[in-house]
Amino acid sequence: MITSQEVFVPLILTLKVAGWATLLATIAGVLIAYALARLRFPGKEVLDAMMTLPMVMPPTVLGYYLLVLVGRRGLIGEWLYDNLGITLIFTWQGAVIAAAVVAFPLVYKAARAAFEGVERQYEQAARVLGKFEFEVFLRVTLPLAWRGILAGAMLAFARAMGEFGATLMVAGSLPGRTQTLSIAVYEAVQAGKDDVANFLVIVTSIVCISILLASGRLLRPSYAA
Amino acid sequence: MRIEVDIHKTLRSNGRDFTLDVKFACNDDLGMVFGPSGAGKSLTLRAIAGLEKPDYGRIVVGDNVLFDSMAGIDVRANERTVGYLFQDYALFPHLSVEENIAFGVMRWWERKLSADAARRVAELLDLFELRGLNKAYPTQLSGGQSQRVALARALIRRPDLLLLDEPFAALDPLLRGRMRAELVAIRSMFKVPMLAITHDPEDVSALAETVIVLNHGRVEKVVDVKTAPYRDGEGRIVEGSIRELLTGTDKAGPPSLPRKTIRAVK
């Protein structure tokens, strides 16, 4: 028998973790992408490569880096614990950080391409019409790049939902607290609970396919430029 | 209104240098910068609008010094009260006709237009015969309609000067004549001084009061075409005189062809 504890708890947790991770990754991705799409400075392409690194690195390696950074004795983790009493390791917030880092390149890449696709002339027209840079960004650049960014965010969400390696390293597999869907599948298979594994796999597949279909639709432009 | 431009800028692309070294003053309310493509017309216009920063020089529009490298003045594009008509209009594709026109008078936090702004938008929609198109999007508009939206969008801020980048180049020849007439009407209605660039002598004949001839990044001549020998006693343009001036076949200065000659040629 499949219990709700075995299915819904990890599902809800996964949606929560992926949601927060996507939000963080999107905010950071949009700001950094805009800066890299519009500014010119030395070492820009090196920075771009570094921003893309989480996409190609093994998630366990990323997880290890994160442990070094945000672990209790880590560079940031120690400061967080000493000053704010916050521990990220083995918490769902830790899982959010891990998923956000892994998903970040997807939204960053999409946002950069979207910003670079916005014709400069529209921004210039806005400037000549009396708008300062922040208004130009908010009323012209962002609306014109919006669909690309949203498509990237949806891919990031799908990626965050499926996150396994880095999450396991940083947050572990505590049932009900940090055990997300993909980790629950692994645990179910290990424990020989094939019915639970089957159900979780189907749920995950349906959610991921829906997201890919939706983001594919968004990538088709509604107005030809 | 007086426009003074004295700017220098060197552009480097693909190992080739282009030097803009332009100096002219225009006292008339309809100046036209004429020259072949690559003469530096657009660069000059963009510098006046603040979209391009000269290496050094000075730009004065009316009483406002917009750029003066010696005095360290460089007014930002969004603080220069000049209108700019882009060659392909650059209407915002994500905004309707109405929203495009209102763009310059709407602050970023506003979701709705103020009553005053809404009235001005409605006035402009009427004036430019765009009433039924207020909810249309730029991709649904014809070339002439797009140009009228772009003009309305530029004029709603009541600019001190309207800059026009090849205003008729994107229109088909049949429409050009009509739009030239429309521009004359707009000019008298809004009392807005204009500076336009063109490579079409017809535009100069139809509209210009002063023509600034640009070539290879330099000013070749600045000619007042309001009076003889370019106009007859009634202020009508002397046929062929402008074309003569612009093609530069005449080596002895401004052409002083008697009208008889022109008739004979015809």
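The values are calculated or read from the model by the stated rules, or taken from the named source; none is laboratory data. Keep in mind that this is a model prediction, so the values were computed, not measured. Note that each Cβ is placed from the backbone with ideal geometry, even for glycine, and that neighbours are counted across all protein chains shown.
Number of residues in the stretch A:12-62 that are aromatic (Phe, Trp, Tyr) and in contact with a helix residue (DSSP H, G or I) (Cβ under 8 Å, 6 or more places away or on another chain): the value is 2. The single residue among B:Tyr89, B:Tyr84 that is of a type outside the set (A, V, I, L, M, F, W, C) and modelled with pLDDT of 95 or more turns out to be B:Tyr84. Those helices (runs of 4 or more DSSP H) of the stretch A:83-173 in which at least 2 residues are more than 18 Å from A:Ala37 (Cβ to Cβ) and away from chain B (no Cβ under 14 Å), considering only elements entirely within it, cover A:92-116, A:142-162, A:165-171.
Here B:Arg158 qualifies as within 25 Å of B:Leu195 (Cβ to Cβ), of a type outside the set (Phe, Trp, Tyr) and within 12 Å of chain A (Cβ to nearest Cβ).
Looking at this structure, is B:Leu95 more than 26 Å from A:Phe134 (Cβ to Cβ), within 14 Å of another protein chain (Cβ to nearest Cβ) and at pLDDT below 95?
Details: more than 26 Å from A:Phe134 (Cβ to Cβ): no; within 14 Å of another protein chain (Cβ to nearest Cβ): yes; at pLDDT below 95: yes.
No: the conditions fail for B:Leu95.
Out of the stretch B:98-111, which residues are more than 10 Å from every other protein chain (Cβ to nearest Cβ) and within 30 Å of B:Arg2 (Cβ to Cβ)? The one that is more than 10 Å from every other protein chain (Cβ to nearest Cβ) and within 30 Å of B:Arg2 (Cβ to Cβ): B:Ile101. I'd like the full set of residues that are closer than 18 Å to B:Val211 by Cβ and either of a type in the set (Gly, Ala, Ser) or free of Cβ contacts under 8 Å to residues at least 40 places away in the same chain (or both), limited to the stretch B:3-42. Hits for the stretch B:3-42 are B:Ala25, B:Gly31, B:Gly35, B:Ser37, B:Ala39, B:Gly40, B:Ser42.
The condition (being aromatic (Phe, Trp, Tyr), buried (at least 18 other Cβ atoms within 10 Å of the Cβ) and within 16 Å of A:Pro143 (Cβ to Cβ)) is satisfied by just one residue among B:Phe86, B:Phe103: B:Phe103.
Could you go through the stretch A:142-149 and let me know if any residue there is surrounded by 21 or more Cβ atoms within 10 Å (Cβ to Cβ) and more than 30 Å from A:Leu181 (Cα to Cα). Yes, the conditions are met somewhere in the stretch A:142-149.
Let's see how each residue does on (1) over 14 Å from the mean Cα position of the chain (by Cα); (2) at pLDDT 95 or above; (3) surrounded by 15 or more Cβ atoms within 10 Å (Cβ to Cβ):
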| site | (1), (2), (3) |
| --- | --- |
| A:Ala49 | yes, no, no |
| A:Leu66 | yes, no, yes |
| A:Leu80 | yes, no, yes |
| A:Asn83 | yes, no, no |
| A:Gln93 | no, no, yes |
| A:Phe104 | no, yes, yes |
| A:Ala126 | yes, yes, yes |
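Of all residues in the stretch B:99-111, which are over 19 Å from the mean Cα position of the chain (by Cα), at pLDDT 90 or above and among the aliphatic types (A, V, I, L, M)?
So in the stretch B:99-111, the residues over 19 Å from the mean Cα position of the chain (by Cα) come out as B:99-100, B:102-103, B:105-111.
When the remaining residues are screened for being at pLDDT 90 or above, the result is B:99-100, B:102-103, B:105.
Within the stretch B:99-111, B:Ala102, B:Val105 meet the criteria.
Please determine whether any residue of the stretch A:190-201 is of a type in the set (Lys, Arg), more than 30 Å from B:Val105 (Cα to Cα), more than 14 Å from every other protein chain (Cβ to nearest Cβ) and surrounded by fewer than 21 Cβ atoms within 10 Å (Cβ to Cβ). Yes, there is a match, as at least one residue in the stretch A:190-201 is of a type in the set (Lys, Arg), more than 30 Å from B:Val105 (Cα to Cα), more than 14 Å from every other protein chain (Cβ to nearest Cβ) and surrounded by fewer than 21 Cβ atoms within 10 Å (Cβ to Cβ). Can you find a residue that is touching a Lys or Arg at 6+ places or on another chain (Cβ under 7 Å), closer than 17 Å to A:Leu174 by Cβ and either free of Cβ contacts under 8 Å to residues at least 40 places away in the same chain or not basic (Lys, Arg) (or both) anywhere in the stretch A:69-91? Among the residues of the stretch A:69-91, at least one is touching a Lys or Arg at 6+ places or on another chain (Cβ under 7 Å), closer than 17 Å to A:Leu174 by Cβ and either free of Cβ contacts under 8 Å to residues at least 40 places away in the same chain or not basic (Lys, Arg) (or both), which makes the answer yes. In the stretch B:48-82, the residue that is surrounded by the fewest Cβ atoms within 10 Å (Cβ to Cβ) out of those that are touching a Pro at 6+ places or on another chain (Cβ under 7 Å) and within 14 Å of another protein chain (Cβ to nearest Cβ) is B:Thr81.
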